[in-house]
């Protein structure tokens, strides 16, 4: 039985991903910042629950330690936790990046030392994070095949600084914290994939855009049901082809341009 961790999973898309993974006989660890809501859903559906605030270093480290102590490995990681905050200012930028970008990086790096030998990592992203939302110079920097995690973190910090000085538009950034957070998450996906490939690891890392899904975040007029939105994520979490793809961006199981 494979051990599957899903972040931000007490409702909506994350909860449905947990349900579908459990139906495929995976041991599901549902995580949520809201411990009461998370425990309620885990008990209702028979999942293991672990409290996790992806924006808090101590919470992430405690979570990783407990999972390693109990299970020894993680075979599937779905970085689903995310926010889409109203407005645009420095506070919104920092709060958005703390969850959508730094949170996913923090959780992945904490679990990386004990990932299963053929683990699958799925970063739940968005078409809004395509590189086309950036100016040309930034596009080139984010798509640099030699980009490192340290380089990427500096770029994300530069976004914060440019917003603070109200120069972000002139520097080629969109006025959307959500978009930039997903640009960063997509770039991290590529960096991780290259890292595992360089070490000849069979671990696969991909980003998935679930599409417009009827959730609290997506709204009631969105195109897809939660079930439909989760299916593409679960597909990427179970890639078992002879040479499964890695470092790619998918929607409806089709590869997209970054």
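A short reminder: the numbers here are calculations on the coordinates, not readings from a lab. Bear in mind that the values here come from a model prediction, so they are computed numbers and not experimental data. Glycine gets a Cβ as well: all are built from the backbone with ideal geometry, and neighbour counts include every protein chain shown.
Laid out as a table, the results:
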read-out	value
GNM top mover of 58, 160, 243 - the chain, alpha-carbon springs below 10 Å	243
Potential extension, residue 35-residue 91 segment - 0.36 nm per residue separation minus Cα distance	17.7 nm
Choice from 174, 113, 210 showing the highest fluctuation, given a GNM over the chain with Cα pairs closer than 10 Å	113
Principal-axis tilt of helix 226-237 within the chain, Cα atoms, nearest 10 degrees	90
C-alpha center-to-center spacing [the range 122-157, the range 26-69] in angstrom	29
Likely footprinting exposure, 189, 148, 117, fewest C-beta neighbours within 10 Å first	117, 148, 189
Potential lengthening between residue 117 and residue 151 on full extension [0.36 nm per residue; Cα-Cα distance subtracted]	9.5 nm
Gyration tensor verdict on the range 1-136 (Cα atoms; rounded if a/c is under 1.5, prolate if a/b is larger than b/c, oblate otherwise)	prolate
Ascending count of other beta-carbon atoms within 10 Å, so fewest first, for 128, 156	128, 156
FRET E, pair residue 199, residue 235, Förster distance 25 Å, beta-carbon r, rounded to 0.05	0.50
Order of 29, 3 - criterion: other Cβ atoms within 10 Å of each residue's Cβ, fewest first	3, 29
DSSP beta bridge pairing in the chain, given as percent antiparallel to the nearest 5	10
Per-q log10 I(q)/I(0), the range 67-211, q = 0.14, 0.16, 0.18 Å⁻¹ (Debye; single scatterer per alpha-carbon; no solvent)	-0.65, -0.83, -1.02
Cα-derived Rg to Rh of the range 51-129, Kirkwood definition	1.02
